[in-house]
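Structure first, then comments.
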Amino acid sequence: MRLHPRIAGFLGQALSHEFLAVQQYLVQSRLCRLWGWQDWAESFARESREELEHAGLLSDQLLRMGIAPSAGALRPSRPGRDLREMLDQDVAIEWSAVELYAEALDFSQRMRDERTASLFAQLLEDEKGHLVHLQETISSLGTHHGH
Ligand SMILES: [Fe+2]
Ligand SMILES: [Fe+2]
């Protein structure tokens, strides 16, 4: 099938988003490690690896389409100065991922690009899962520490 330029645009935008998320979670993980919070460090490192896997899936799709994957210039990551700020920053990037993937899914379905649509559908589900997980984490902080 002919590649629609807007599909390629969504894939490129998605790849940038995923590398930004990899960077943000990685920095948060290393910060937590520096602060001696081993469990949080591991939890953020796990998220970073999941986002890296997403970047891999998007790269596969770009390569299948004959496009060299490139994330371009990344925005600076916003790790936050304490745990609550970190989690809030993560909610913000996960929301932007959900919005991006919902729009990309809708467009690729309308273009009848099923393979790309199923990739965007999978990523959309994963990012919604990340949001739910973050919201649960934030509300458990609230009950444990009375914030
Ligand atoms: Fe992701
Ligand atoms: Fe995510």
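Mind checking the stretch 1-67 for chymotrypsin sites (Phe, Trp or Tyr not before Pro) that DSSP puts in a loop (not H, G, I, E or B) and that have at most 15 other Cβ atoms within 10 Å?
Qualifying residues, ordered by number: 35, 37.
Using the heavy atoms of the protein chains and a 1.4 angstrom probe, tell me the accessible area per residue for the stretch 24-73 in square angstrom.
That works out to 57 Å² per residue.
Once you mark the trypsin sites (Lys or Arg not before Pro) that are in a DSSP loop and have at most 12 other Cβ atoms within 10 Å, what is the longest gap between them in the chain?
Between exposed loop sites, the widest span is 3-80.
Kindly state, to the nearest 0.05, the FRET efficiency for residue 13 paired with residue 89, given R0 = 22 Å and r defined as their beta-carbon distance.
The computed FRET efficiency comes out at 0.70.
In terms of the ratio Rg/(2.2 N^0.38 Å) built on C-alpha atoms, what value belongs to the chain?
Against the compact-globule rule of thumb, the ratio is 1.12.
Please work out the FRET efficiency for the pair residue 137 and residue 65, using the Cβ-Cβ distance as r and a Förster radius of 25 Å; give the result to the nearest 0.05. Can you show the working numbers first?
Values: r = 36 Å, r/R0 = 1.45.
The calculated FRET efficiency here is 0.10.
Using only DSSP helix segments of four residues or longer, with each worth -39500 (n - 2.57), what per-residue ellipticity at 222 nm results for the chain after dividing by its residue count and rounding to 500?
-28500 deg cm²/dmol
Treating only the Cα positions of the stretch 1-74 as identical point scatterers, give the base-10 log of I(q)/I(0) from the Debye formula at each q in 0.13, 0.17, 0.22 Å⁻¹.
Values, matching the q order: -0.44, -0.64, -0.86.
The values are calculated or read from the model by the stated rules, or taken from the named source; none is laboratory data. Not measured: the values here are computed from a predicted model. All Cβ positions, glycine included, derive from the backbone under ideal geometry; neighbour counts span all protein chains shown. Accessible surface areas use protein heavy atoms only, side chains included; no ligands, DNA or RNA. Shrake-Rupley method; radii C 1.70, N 1.55, O 1.52, S 1.80 Å.
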